[in-house]
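Accompanying notes for the structure given below.
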C-alpha cells in the first residue's frame, strides 16, 4: 500500500468517525453532518478504485513476465 492510499483510507475513516460523533453523540441534525458521511463514502470508494487499478496493473506485469521469450534454444524448443 502506498502512502497516498493510506492517507485516503484513513482520512475517509476519520470523516466517518466525525459523522458518528456529530450524529450520535452531539445530537446535531443529520442534515448538518451529512457531508462527513458523503466525504467518508467517496474517499472509501476512491481508495477501492485505486486498489483495483493497482491489482490489475500487477496482474498485467505478472502476465508480461510469464510471456517473455525463453533465452536458450532448448527452452524455446521445449515450449513448442
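Looking across 40, 33, one residue alone is within 17 Å of the chain's Cα centre (by Cα) and either in a helix (DSSP H, G or I) or surrounded by 11 or more Cβ atoms within 10 Å (Cβ to Cβ) (or both). It is 40. For residue 27, the test of being out of contact with any strand residue (DSSP E or B) (no Cβ under 8 Å at 6 or more places or on another chain), part of a loop (DSSP other than H, G, I, E, B) and either exposed (fewer than 10 other Cβ atoms within 10 Å of the Cβ) or without any contact (Cβ under 8 Å) to a residue 24 or more places away in the chain (or both) is passed. Among the residues of the stretch 4-24, none qualifies, meaning not one is part of a loop (DSSP other than H, G, I, E, B) and either exposed (fewer than 12 other Cβ atoms within 10 Å of the Cβ) or modelled with pLDDT of 95 or more (or both).
Could you tell me whether residue 47 is modelled with pLDDT under 95, in a helix (DSSP H, G or I) and at negative phi? Answer is no for this residue.
The values are calculated or read from the model by the stated rules, or taken from the named source; none is laboratory data. Since the model is a prediction, treat every value here as computed from it, not as a measurement. As a convention, Cβ positions derive from the backbone with ideal geometry for all residues, glycine included, and neighbour counts pool all protein chains shown.
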